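Chemist: Below is one structure. I have some questions about it.
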């Protein structure tokens, strides 16, 4: 299958691959930009092997690199149910404009249940959405809830990292350009960037701009259906500021490429774009499921990490190149000893 062809007949099993457990990165590289970087050519499927510090030389003057400036917050917290004293755990996502929080809950919860978060903050369950998702409202403002989580919450490392979060993760599971709090998972391709890499991009004439997409708990959930068209994406809030929309317009005008840093940036840009590819400033929610057959409106290339088997993120990458080329590149990455997933190495698709 080549880019743009239909996904009809593809199943989750078509996006499976073998990965030795020892290649799942439990900790980040000693230095952020010391990670490895595989290149994958969209036109030919050819691969190359580099270091992340090489990124500025692998892009062209006039290109635009779009970054996600979301900030991860300590969104995992225990709670006690009022009356019964039963213990539950919540993984909260950013509050909506009405002040309600989405959450994944561990433990038995029903609509109307009241509870107290560890550290002493009261709330109640306002809705049950299935698949362990809930709506929660607290007795104070979202800003106060965020402050409470900063003091009492736990950084929610992905479930395939089989160790508790520590002080190092507070720094390293966060990009150097993180600014807007709201994610329960890092935009992991951004973890490789340093101030030195960003400066080198600028010196080479490669512009950067920033958008925000707050990564929600749904990113941790496996695909539970075999037919990929039956999968339902959970909503994630995003903001395309005027500066980013203008940077994309100017890049298109001068004939440069728009390179998304991460699947989160890709989904934000593609959700906000018109059918003709025009990008306007926007704030909203994305449920966009990008898979083979999707026609990209904005992005020309992608910086991304290596993703889980059968994941929607792997399907997005396969829509930009082809499933066969991506799986062949992944098999090569396994043979070459690349590190996978959130704290792992990176790939540049161009």
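The values are calculated or read from the model by the stated rules, or taken from the named source; none is laboratory data. In this text, all values refer to a predicted model and were calculated from it rather than measured experimentally. Reconstructed Cβ throughout: ideal geometry from the backbone, glycine too, with neighbour counts over all protein chains shown.
Chemist: Would you mind telling me which numbered condition in (1) in a loop (DSSP other than H, G, I, E, B); (2) in the same structural domain as residue 21 (by TED's automatic domain parsing); (3) modelled with pLDDT under 95 residue 182 fails?
Modeler: Among (1) in a loop (DSSP other than H, G, I, E, B); (2) in the same structural domain as residue 21 (by TED's automatic domain parsing); (3) modelled with pLDDT under 95, residue 182 violates only (1).
Chemist: Moving to a separate point now. Out of segment 197-220, which residues are in a loop (DSSP other than H, G, I, E, B) and in contact with a strand residue (DSSP E or B) (Cβ under 8 Å, 6 or more places away or on another chain)?
Modeler: Within segment 197-220, 206, 214, 215, 216 meet the criteria.
Chemist: If you take the residues of segment 316-347 that are in contact with a helix residue (DSSP H, G or I) (Cβ under 6 Å, 6 or more places away or on another chain) and part of a strand (DSSP E or B), which of them is nearest to residue 191 (Cα to Cα)?
Modeler: Ranking the candidates gives 346 first.
Chemist: Determine whether residue 129 is under 23 Å from the mean Cα position of the chain (by Cα) and free of Cβ contacts under 8 Å to residues at least 40 places away in the same chain. Show your work before the answer.
Modeler: Working: under 23 Å from the mean Cα position of the chain (by Cα): yes; free of Cβ contacts under 8 Å to residues at least 40 places away in the same chain: yes.
So residue 129 passes the test.
Chemist: Follow-up. Kindly check whether there is at least one residue in segment 177-185 that is touching a helix residue (DSSP H, G or I) at 6+ places or on another chain (Cβ under 8 Å) and over 25 Å from residue 340 (Cβ atoms).
Modeler: Scanning segment 177-185, I find at least one residue that is touching a helix residue (DSSP H, G or I) at 6+ places or on another chain (Cβ under 8 Å) and over 25 Å from residue 340 (Cβ atoms), so the answer is yes.
Chemist: Here's something else I'd like to know. Select from segment 263-315 the residues that are over 17 Å from residue 236 (Cα atoms) and part of a helix (DSSP H, G or I) and list them in ascending order.
Modeler: Once the filter is applied, which keeps residues that are over 17 Å from residue 236 (Cα atoms) and part of a helix (DSSP H, G or I), segment 263-315 yields 314, 315.
Chemist: Taking residue 144 as the residue in question, decide whether it is in the same structural domain as residue 240 (by TED's automatic domain parsing) and surrounded by fewer than 13 Cβ atoms within 10 Å (Cβ to Cβ).
Modeler: Numbers: in the same structural domain as residue 240 (by TED's automatic domain parsing): no; surrounded by fewer than 13 Cβ atoms within 10 Å (Cβ to Cβ): yes.
When the stated conditions are applied, residue 144 does not pass them.
Chemist: For the structure I just gave you, tell me whether residue 131 is outside the structural domain of residue 22 (by TED's automatic domain parsing) and in contact with a helix residue (DSSP H, G or I) (Cβ under 7 Å, 6 or more places away or on another chain).
Modeler: Numbers: outside the structural domain of residue 22 (by TED's automatic domain parsing): yes; in contact with a helix residue (DSSP H, G or I) (Cβ under 7 Å, 6 or more places away or on another chain): no.
Spelling it out, it is not the case that residue 131 is outside the structural domain of residue 22 (by TED's automatic domain parsing) and in contact with a helix residue (DSSP H, G or I) (Cβ under 7 Å, 6 or more places away or on another chain).
Chemist: Picking from 226, 270, 275, which residue would you name as being over 30 Å from residue 51 (Cβ atoms) and touching a strand residue (DSSP E or B) at 6+ places or on another chain (Cβ under 9 Å)? Give the steps one after another, and end with the answer.
Modeler: Numbers: 270 fails: over 30 Å from residue 51 (Cβ atoms); 275 fails: touching a strand residue (DSSP E or B) at 6+ places or on another chain (Cβ under 9 Å).
It is 226.
Chemist: Additional query: Within segment 113-127, identify whether any single residue is surrounded by fewer than 12 Cβ atoms within 10 Å (Cβ to Cβ) and out of contact with any strand residue (DSSP E or B) (no Cβ under 8 Å at 6 or more places or on another chain), and answer yes or no. Break it down into steps so the answer makes sense when it comes.
Modeler: Narrowing segment 113-127 to residues surrounded by fewer than 12 Cβ atoms within 10 Å (Cβ to Cβ): 120.
After this cut, where a residue has to be out of contact with any strand residue (DSSP E or B) (no Cβ under 8 Å at 6 or more places or on another chain) as well, the list is 120.
Checked segment 113-127: at least one residue is surrounded by fewer than 12 Cβ atoms within 10 Å (Cβ to Cβ) and out of contact with any strand residue (DSSP E or B) (no Cβ under 8 Å at 6 or more places or on another chain).
Chemist: Quick test for you: out of 245, 260, 273, 235, pick the one residue that is modelled with pLDDT of 95 or more and under 24 Å from residue 310 (Cβ atoms).
Modeler: Numbers: 245 fails: under 24 Å from residue 310 (Cβ atoms); 273 fails: under 24 Å from residue 310 (Cβ atoms); 235 fails: modelled with pLDDT of 95 or more.
The match here is 260.
Chemist: Further question: Find all pairs meeting these conditions: Cβ atoms under 6 angstrom apart; at least six residues apart or on different chains; first residue within segment 104-124 and more than 23 Å from residue 144 (Cβ to Cβ); second residue modelled with pLDDT of 95 or more and crowded, with 21+ Cβ neighbours inside 10 Å.
Modeler: 111/125
Chemist: Which numbered condition in (1) part of a strand (DSSP E or B); (2) free of Cβ contacts under 8 Å to residues at least 40 places away in the same chain; (3) farther than 30 Å from residue 201 by Cα is the only one that residue 136 fails?
Modeler: (2)
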